[in-house]
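Written out below as structure tokens is the structure these notes cover.
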Amino acid sequence: MPFDVWSLWRRATLGLTALLALGAASASATPFLVADVDSGQVLIANDATEVWYPASLTKLMTVYVALDAVRNGKLTMDTPLVMSARAARMAPSKMGFRPGTEVTLDNALKMLMVKSPNDVAVMIAEGISGSVEAFADDMNAAGQRLGLHESHFVNPNGLHDPSHVSSARDMAIIARALLRDFPEHADLYGIGELQLGREIIRNHNGLLGRYPGVDGMKTGFTCPAGFNVVASANHNGRRLIVVVLGSPTARLRNEEAADLFDRGFAMGAGSDSLESLPTSASTVAADTRSNVCIHRNAVALAAAEEESLAESEQNGSAGRGNVVSGSVASLSPAHTELSEARPHFDPVPVFVGPVPGWTGPVLAARPGPAIPNDAKAYSSVNTDAPDATAAGQSAPAILRSSVRTPSTERISTKRIHRAAAPRKGKEKPSAPISLRGAGTANEKIAKGKTSPKSTTDVLNH
């Protein structure tokens, strides 16, 4: 087939794909919302309180609980967290760190917002609350304090569970709370690229660098949820939050969010507050699986999970304003063109392992009951930390047994190696998790002496 004919045929096929996606989106309108950050007023809403699967938008709540724990003195941004075997087994997207790898909370949160790794989300949960289940309880308790209505969380990463649900309204409340309660960490949500050793990791948010004033926040995708986004943008000191749930492609999601920003910034004050919207009578989320994942193979779904721009482009586009739901496009006063050019970002460096000279605790998954809420994660060697006293006086025994420090690590390591030695007539136990080896090896990555394994290599393990 001649090149020109092939090109025309390909464009026609992509256009048909876009029209089919548009028809699916119009036939079943999905939730969206625009809210003012300062006032909490709702400017635009459609099914904003409908119960929905949040997918990786969940990680905004994970960040809120983590920052709240820092504020309450349970750990610091420099506290190292340990990758457990359970965390390492999480499905993609993931960093692929081996069990025993240490990552500071600061670096973990940056990875969470840019790469959206499910293994790191579990590592954060286990380090802060002891287990995924205990962290989910903390998420739901925080949600109750924030006034969430439709949300119920069962994990820190948003991997699909029928009882793990939220709504556009609740996600806007979480986003607003993050910006309001932790303004000093607002730069977490607008990082365009990370640099880990020689590897560059790009953000999944296709609005960053493409829509004027966008400075965050998080995307999400699973087959039942569709393509979701919570985005924030600032125009002349006025900041809006846009939530779009259940889009059939990443491209349509980005374009619908851009149109909603256009409409929101053209409007004045809203009439309703986020809290005053009527609560949904349903507790069961819609399942977009038939619209989003039908006719897609495992490779395409893996690309969708990574939410790369290339994946969204293969679904085609019929042009700005023509690929969003009719209720949005018909009222849109203007159309901001999303650039096709790849935006430039200055990579933010991250590393694996503790910060140089760290003498504080290292937090990992803990068996048994959860650590009491009033416990402080300080060790006896960390005497310069606020509220630090002798370990026996600063925390209950369960906290002391769950926190490692450099002064106790050598003893722990000897015990691990003795326990790992095979005994006569008994089955050889499984190999122990190394708590320092991975961190030490990855310190070389941070210094640029070696390169980490590629995502493909990691996923093959």
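Each value in this text was obtained by applying a stated rule to the coordinates, not by laboratory testing. It should be emphasised that the depicted structure is a prediction, and the values quoted were computed from it without experimental measurement. Ideal geometry is used to build each Cβ from the backbone, glycine not excepted, and the neighbour counts take in all protein chains shown.
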Pseudo-spin-label distance Glu340 to Asp38, built 7 Å along Cα→Cβ, given in nm, is 3.8 nm
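Report, in listed order, any pair from Lys74/Lys94; Lys59/Lys94; Lys110/Lys218 with a Cα-Cα distance greater than 19 Å. Don't skip to the end; give the middle numbers.
Values: Lys74/Lys94 26 Å; Lys59/Lys94 13 Å; Lys110/Lys218 12 Å.
Exceeds cut-off: Lys74/Lys94.
As an exercise, use a Förster radius of 22 Å and the Cβ-Cβ distance of Ala85 and Glu199 to find the FRET efficiency, rounded to the nearest 0.05. Show your work: numbers first, answer last.
Values: r = 24 Å, r/R0 = 1.08.
Given R0 = 22 Å and the Cβ-Cβ separation, E is 0.40.
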Mind checking the full-extension length gain between Ala266 and Asn236? Use 0.36 nm per residue of separation minus the Cα-Cα distance, one decimal, nm. 9.6 nm
Kindly write out, for the range 98-108 in residue order, the coupling ³J(HN,Hα) from the Karplus curve 6.51 cos²θ - 1.76 cosθ + 1.60 (θ = phi - 60°), rounded to whole Hz, with x marking Gly and Pro. 6, x, x, 5, 9, 9, 5, 4, 4, 5, 5
Karplus 3J(HN,Hα) series, Hz, for the range 336-343 with 6.51 cos²θ - 1.76 cosθ + 1.60 (x for Gly, Pro): 7, 6, 7, 5, 7, 5, 6, x
For Val348, other-chain or 5+-apart residues with amide H closer than 5 Å (H placed, Pro excluded) are Glu193, Leu194, Gln195
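Where does the charge balance sit around Asn157 when Lys and Arg score +1, Asp and Glu -1, over other residues with C-beta under 9 Å from its C-beta? Could the numbers behind the result be given before it?
Working: positive: Lys59; negative: Asp119.
Around Asn157, the charge tally is 0.
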